[in-house]
Each structure stands twice: as C-alpha cells, then as structure tokens.
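Contents: one structure, followed by commentary.
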Amino acid sequence: MGNEVGRNDPCPCGSGKKYKYCCLPKEEEKRSRNLKPSITFDSVGGIDDNSRNDTGNESWRSDFDKFKELDLDGKFDFFYDKYEDPEEVNGDYALEMLDALLLESSREGQWDDYLSLDREIRENRQDLVEDHRYWLSRGKFLSIIWPGRKLEDEELKELSGDYAQDSEVLSPAFWAFIFREGTENQVDFLRRTNALLHENDDLMIEEKERICDIGIEAEIYRYLDGKKSKEGKNISLQSALKRMNEYYEDLTRERLVEVMAILGGEKSFSWEAGKTLQIASTESQMSLFEGIKGDVDPQSAEESLENYSLLGDQFHRFLHEEKSVLWARGRMARNGLVRYVLGRVDAEFPGEEAKYTTPPRNLIPGPETFKASIEDLLFFLNPQYYRAIAPFIYVGPWLQFLVQQSLIDNRQKEEALQKLETIKEEYREFYEKKCPDPLIMEAFDNWPRVEESYLKDQTE
C-alpha cells in the first residue's frame, strides 16, 4: 500500500496532470467492468459513483428505484418523508437524490422548491451539513445562479470561501457565476477569492494560477469599461496595473498592455493566410499607453503562433463590441477557439489531413475535431461544462468574424455551420441532462445566432 498513488498526486504516467484527471478514470472504468451495476444518477459535478457502492442496503436500493420513477413533485415528497432519518437516507444516497432533484427542478424551473429543501436540510440534518457542506453549497448556488438571480454580498462571500476550500466540488457554481456575471461583481468576487485561495496550502498551484489569470482579465475589463463609462468610473492605467500585480507580481507588462490595446480598439490588424497566419498591416493608436512599453511586433513570433492569439484577442473585442457579449463569457469562447486552432496547427487530432493544419482551413471548425476539443474538457471527474461549450455557442460569430477579416468567404462559413449542425442536438441533449443552465439551453435553441438578448450583456 505504500506505493499507492493518491487521487491528487501527480499521475505516474508522467503527463504532469493530477492522477484523478489523467489515468485514474480509465483504470476505474476497467475495474467497473468487474463490478455489479451500481446505482447512478447523472450529476452536474461529475460524481465518482464507484465511491458510493459500499452500503449494501438493498432496501434503500429498492426505494431509490421507486424514487427514480416518480415525477418531480413525487421525488420531493419522497425525500421529505425520509430525509430526517440518517438510517433511511445516509449521506451518500442523500447526495444522489439531491443531485437528481437539482437537475430535474432546474429543467422544470422549480428552483424555489430546491432552495426550500436545502434550508430544511441545513436545519434538520447537521450530519449532512458537516460531512457534505460543499456539495450542498454547490446545489444551493446553482439554484440561485441558473434562474438569473443576483447573489447578495453575503452569498458572494460564502461562495468565495467555499470555492477556496473545495474548488473541485464548487467548480460548476464558480464557472456558472463567471459565465453569467458582469465585470464589477466579478472583480470584487475574484479579489476576495484570490486572497482566500492563497491561504489554502492544500490547494493545487494550478487552481491558484487559474484564479490569477481570471482575476487579471477581470481587472482589464474593468479598466476598459471605465474608459467608456459616462458615470465617472474612469480608472488610470497605472492603478489598473497595480491591481493586476496583486494577483501576480512578475507580469509580462508588454504583452498585457498590448492585449488591453487590442481589446480597447486602439490596436488592430489586417490578416492574410499563407503557409502560416500573417499580419498584413497594423493600425495602432497607443496614446493612452504612453510611458509603458507594449508595442510588440507580432511578426517576430516563432512560426507566427502568437498571431493566432492576437487574432483571438481581436475576435474577443468583436464579440463584446458587435455582439454585446460579456467580456468574461467572450473570453471563454476566445480561449476555446484559439486552443482548438493551435491543436490543429500542432496536428493533435489523429487522422486529420495535413491541409487542415494551415490557414485558412485550420480556422474553420470541423465536427469531429471540434467534438474532440470540446470533450477534452468534459472529462470524467470534473467536467468543465462552461469552458467546453462556449466555443461552440459562439462559433457562428467566429466564422462571421473570419469573413469580416477576409480569411474565409461566406460559402465556407455556411458549409461549416451546416456540418456543425450535425453535432448540435447531441450536445443539447447532453447539457439538458447534465448541466441544464437555461442560458445554455436557450443558446442551443437559437444557435448559431447570438444577437438575441439572452446572450447579451445586461448586467453592467
């Protein structure tokens, strides 16, 4: 037993990932083939069902089968009848039923019923609150965020504190908040969360770095919004950079300032596609950035890989300015699409022809490779539902942007959308089952259009 690998240890295969994110799911799948079928219910948080099969309580299994057959009101009644007795409903199976109730009540729009049940549990089942605090918090926050309600300040503090203690379990609620919330609330929330995360010595460094990245981005958006504000919210560049340094002291200021110039519309590029993605010309108005070096020549980047990132930044601005998309939500789409394109450049998708590794073909998503890129984030133990689907939601504007940049034509755009239509319903069904956020479901219904109000910035 001394050589047993822990779930949070580095994977022994040498990938650099945590064991639970790398080889563990494959090994668990192999072991599960030799086990009796287990009771499972789809969860928004990627519950490891194999960890819950030690009860041997056959009468409960029978009750759970009855529970699954009930309608939503019947499921709530069933839980209320039994939940106060730990012998009737122990912690693990309580969570199974709560996950089912959360997902189904979300599909039916009955979030208040779930929140009422959450309050009852907190009053009457202290064992669940003590042993499964973060699972309960995740369900509560999703039932507040998904209907589009605002988190009060005390709730934001609670979400920050809980995420800092168990970022894996709270991940769905955290990303739902980032996907939906406006910049001002994000800034305060991320500053608080960053401070709490650095007090948790048990947290993986990758989690702390992720908050640093998102927090720095939020400070950029706050600065850019302040410049356009008619209410006197203008923030000096030096003040914004000082705030960013609170996340990470050794920032590459040149690249940071250039991103701010691109997102702010003070720097833009014209593009052309050859063997690599090339910048045809640059327009720059850097007056607001005088005194800070930041006018980096992107042509010097090796193999012009940096140009894909710059193209992504320009698309990010396009989403915010022309589609009124929240900055943070647009960033998820931008990151996913750049990640996908660079994967094609690096020939990461097995069996893909070489012609699709160079522009403009590598810029046009194909169904199979796009699916592979999405599903890489929908891994077994902790699916990243929002980061995975944002590129697909915004692939229509991406293709429109490429047409605008004269990198593809309208025929190529329409052909690409027609092919991607073949995987839309598959993902719609998947999200309805596992992450039924109404915003995402409406996005599927309106895909590939995003001009409708449900995806616009209504929170600033």
- line: Expected single match for in a loop (DSSP other than H, G, I, E, B), free of Cβ contacts under 8 Å to residues at least 40 places away in the same chain and more than 16 Å from the chain's Cα centre (by Cα) among 350, 448 is 350
message: Pairs needed: first member in region 109-127, surrounded by 14 or more Cβ atoms within 10 Å (Cβ to Cβ); second member anywhere, among the charged types (D, E, K, R) and assigned to a helix (DSSP H, G or I); C-beta distance under 7 Å; at least 6 residues apart or different chains.
response: 115/140; 118/140
message: Yes or no: region 97-105 includes at least one residue that is in a loop (DSSP other than H, G, I, E, B) and surrounded by fewer than 21 Cβ atoms within 10 Å (Cβ to Cβ).
response: no
query: Does region 360-378 hold any residues that are closer than 14 Å to residue 407 by Cα and within 21 Å of the chain's Cα centre (by Cα), and which are they?
result: 365
Residues of region 66-80 that turn out to be farther than 17 Å from residue 126 by Cα and open to solvent by 70 Å² or more (accessible area, probe 1.4 Å), as a count: 6
- request: Name every residue in region 115-138 that is of a type in the set (Lys, Arg) and part of a loop (DSSP other than H, G, I, E, B), in order of residue number.
  value: 125
message: Given the criteria under 20 Å from residue 263 (Cα atoms) and polar (S, T, N, Q), does residue 186 qualify?
response: yes
- request: State all residues of region 188-212 that are assigned to a loop (DSSP other than H, G, I, E, B) and among the charged types (D, E, K, R); if no residue qualifies, say none.
  value: 199, 201, 202
message: assigned to a helix (DSSP H, G or I) and surrounded by fewer than 16 Cβ atoms within 10 Å (Cβ to Cβ): which single residue out of 161, 215, 226 fits that description?
response: 161
query: Within region 164-198, can you find the residues that are free of Cβ contacts under 8 Å to residues at least 40 places away in the same chain and open to solvent by 10 Å² or more (accessible area, probe 1.4 Å)?
result: 165, 166, 188, 192, 195, 196, 198
task: Kindly indicate whether residue 417 is open to solvent by less than 30 Å² (accessible area, probe 1.4 Å) and assigned to a loop (DSSP other than H, G, I, E, B).
output: no
query: Across region 324-340, what is the number of residues that are more than 12 Å from residue 395 (Cβ to Cβ) and open to solvent by less than 10 Å² (accessible area, probe 1.4 Å)?
result: 5
Test: residue 141 is among the aromatic types (Phe, Trp, Tyr), more than 21 Å from residue 431 (Cα to Cα), open to solvent by less than 30 Å² (accessible area, probe 1.4 Å) and part of a helix (DSSP H, G or I): no
- prompt: Taking region 81-96 as the search range and keeping residues that are acidic (Asp, Glu) and assigned to a loop (DSSP other than H, G, I, E, B), which one is surrounded by the fewest Cβ atoms within 10 Å (Cβ to Cβ)?
  reply: 87
- request: Output the residues belonging to region 395-407 that are more than 19 Å from residue 329 (Cα to Cα) and either of a type in the set (S, T, N, Q) or surrounded by 22 or more Cβ atoms within 10 Å (Cβ to Cβ) (or both).
  value: 402, 404, 405, 406
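The values are calculated or read from the model by the stated rules, or taken from the named source; none is laboratory data. Predicted model only: the values in this text are computed from it and were never measured. Glycine gets a Cβ as well: all are built from the backbone with ideal geometry, and neighbour counts include every protein chain shown. Please note that ligands, DNA and RNA were not included when accessible areas were found on the heavy atoms of the full protein model with its side chains. Shrake-Rupley method; radii C 1.70, N 1.55, O 1.52, S 1.80 Å.
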